[in-house]
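Below: the structure, in structure tokens.
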Amino acid sequence: MASKTAAGTFSPCLFYRDAPALIDWLERAFGFRRRLVVPGENGTVTHAELSFGDDGVVMVSSAKPERGWVSPRDLAGLNQVISVSVDDPDAHCARARAAGAEILQDLKDEDYGSRGYLARDPEGNQWYFGTYRPGGHWTQ
């Protein structure tokens, strides 16, 4: 008897010292759309969901150091980069740059066929925006 597995949907959860400011910034600089924001005490965010494109979602909340969930500002380094597929990385990069995003790697054509760039948000998360689509389905 074959076992069934559920379809997988991944939604990264990011923690920030100033989640309300970062939600505004992610909308302005990277084009995310606010779907849900659950305010917490003292101007914090308990939970938020931001959409990107047709099915991309990132969850954001205020840091919770008591649970070990901290802003990248509180870490010695990172072990991940968030990769987001975009149809027009040139226009996306121009938008991010105009909003003050720190561009770590300018637009370039990658050896694996993608075109994209790498940016850092104000609290230190790194984001790659490019034409790469997981599974080898990217556009050029």
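The values are calculated or read from the model by the stated rules, or taken from the named source; none is laboratory data. Quick caveat: nothing in here was measured; it's all calculated off a predicted structure. When we count neighbours, we look across all protein chains shown, and the Cβ atoms used for this are built from the backbone with ideal geometry, even at glycine. The accessibility values were calculated without ligands, DNA or RNA, using every heavy atom of the protein model including side chains. Shrake-Rupley method; radii C 1.70, N 1.55, O 1.52, S 1.80 Å.
Inside segment 30-43, can you point out the residues that are hydrophobic (A, V, I, L, M, F, W, C) and surrounded by 15 or more Cβ atoms within 10 Å (Cβ to Cβ)? Before the answer, list the steps.
To start, the set of residues in segment 30-43 that are hydrophobic (A, V, I, L, M, F, W, C) comprises 30, 32, 36-38.
Scanning segment 30-43 gives 30, 32, 37.
Condition check ((1) under 13 Å from the mean Cα position of the chain (by Cα); (2) more than 13 Å from residue 15 (Cβ to Cβ); (3) modelled with pLDDT of 95 or more; (4) part of a strand (DSSP E or B)) across all residues:
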| residue | (1), (2), (3), (4) |
| --- | --- |
| 35 | no, yes, yes, yes |
| 47 | no, no, yes, yes |
| 60 | yes, no, yes, yes |
| 73 | no, no, no, no |
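Give the residues of segment 75-101 that are acidic (Asp, Glu) and over 21 Å from residue 10 (Cβ atoms), sorted by residue number. Talk me through it step by step, then tell me what you get.
Applying the first criterion (acidic (Asp, Glu)) to segment 75-101 yields 87-88, 90.
Answer for segment 75-101, where residues must be acidic (Asp, Glu) and over 21 Å from residue 10 (Cβ atoms): 88, 90.
Somewhere in segment 76-89, is a residue loosely packed, with under 13 Cβ neighbours inside 10 Å, over 16 Å from residue 18 (Cα atoms) and of a type in the set (S, T, N, Q)?
yes
Looking at segment 94-136 only, could you name the residues that are on the phi > 0 side of the Ramachandran plot, over 15 Å from the mean Cα position of the chain (by Cα) and surrounded by 13 or more Cβ atoms within 10 Å (Cβ to Cβ)?
Of everything in segment 94-136, just one residue is on the phi > 0 side of the Ramachandran plot, over 15 Å from the mean Cα position of the chain (by Cα) and surrounded by 13 or more Cβ atoms within 10 Å (Cβ to Cβ), namely 113.
What pairs come out if I take residues in segment 97-109 that are touching a residue at least 12 places away in the same chain (Cβ under 8 Å) and pair them with residues that are open to solvent by 90 Å² or more (accessible area, probe 1.4 Å) and not acidic (Asp, Glu) whose C-beta lies under 7 Å away, six or more apart or interchain?
Final answer for the pair search is 99/28; 103/97.
Mind checking which residues of segment 44-64 are open to solvent by 50 Å² or more (accessible area, probe 1.4 Å) and under 12 Å from residue 16 (Cβ atoms)?
So in segment 44-64, the residues open to solvent by 50 Å² or more (accessible area, probe 1.4 Å) come out as 44, 46-47, 54-55.
Matches in segment 44-64: 44 only.
What are the residue pairs meeting all of these: first residue in segment 43-63, first residue under 15 Å from residue 26 (Cα atoms), second residue among the acidic types (Asp, Glu) and open to solvent by 10 Å² or more (accessible area, probe 1.4 Å), Cβ atoms under 7 Å, and 6 or more apart or on different chains?
57/49; 59/49
Can you tell me which residue is modelled with the lowest pLDDT among those in segment 1-33 that are aromatic (Phe, Trp, Tyr) and out of contact with any His (no Cβ under 9 Å at 6 or more places or on another chain)?
Of the residues in segment 1-33, the ones aromatic (Phe, Trp, Tyr) are 10, 15-16, 25, 30, 32.
In the following step, the residues that additionally are out of contact with any His (no Cβ under 9 Å at 6 or more places or on another chain) were identified as 10, 15-16, 25, 32.
Values: 10: 77, 15: 95, 16: 96, 25: 97, 32: 97.
Here the answer is 10.
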